[in-house]
Amino acid sequence: MKSLVIVLDRLRSAHNVGNIFRLAEALDAEIIGCGATPMPPHPKVARTAMGTETRVPCRSVPEAADAVRLLRKEGVRTVLAAEPGGGPENEAWNCDCEFPLAVIFGNEALGVHPEAVRMADGLVSLPMLGEKSSINVSNAAAAILYALKYRSGNREKTP
């Protein structure tokens, strides 16, 4: 198991999943797909992932709650659910977390499954200053995961 795990809960877009594979490869992370999330060898995932789908460890489980239970057994210390909203205490750079760390990203319409949210150690979000207050899941994943991995004082900082 890697020190950073990306859990994808019912994502619909194979293009978003492929982009998150590129992100996972850049961050030396692994991916767990849940529900109907398209996973390799899906051709649209492969096209967008640009070969990273062959280098990023990945697996699938039926539900996000199953992923949380599995990760706890494997020694993940912190599980966060990425959900919009919340106050400054939930912003990625304010998060008090320990590695190994998992972050669950949900379907853009449904969010993270409520059972998985209840099982998580906390929420993580990005401040939304615009009128629309919406960010694509793969863009949000990049901002959140880099903030968590490289924030000041974090054990996972760049060497």
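None of the figures in this text is laboratory data; all of them are computed from the coordinates on show. Small disclaimer: the values here were computed from a predicted structure and weren't measured. Methodologically, a virtual Cβ is constructed for each residue, glycine included, from the backbone with ideal geometry; neighbour enumeration extends over all protein chains shown.
Among (1) 107; (2) 129; (3) 137, which is the computed volume of the Cα convex hull per residue in Å³?
Matching the structure shown: (1).
Could you work out how far apart the two model spin labels at M50 and D96 are, taking each label as a point 7 Å from the Cα in the direction of the beta carbon, and quote it in nm?
The answer from the label model is 3.9 nm.
Can you put S133, S138 in order of Cβ neighbours within 10 angstrom, beginning with the fewest?
Taking fewest neighbouring Cβ atoms as first place, the list is S133, S138.
Points 7 angstrom from Cα along the Cβ direction at D28 and K132: gap in nanometres?
Result: 3.5 nm between the two label points.
Which value at 222 nm does the chain reach when only helices count, each DSSP H run of 4 or more adding -39,500 (n - 2.57), with the total divided by all residues and rounded to the nearest 500 deg cm²/dmol?
Taking each H run of at least 4 residues, the total per residue is -9500 deg cm²/dmol.
Could you give the length gained by full extension between E63 and E115, i.e. 0.36 nm per residue of separation minus their alpha carbon distance, to one decimal place?
17.8 nm
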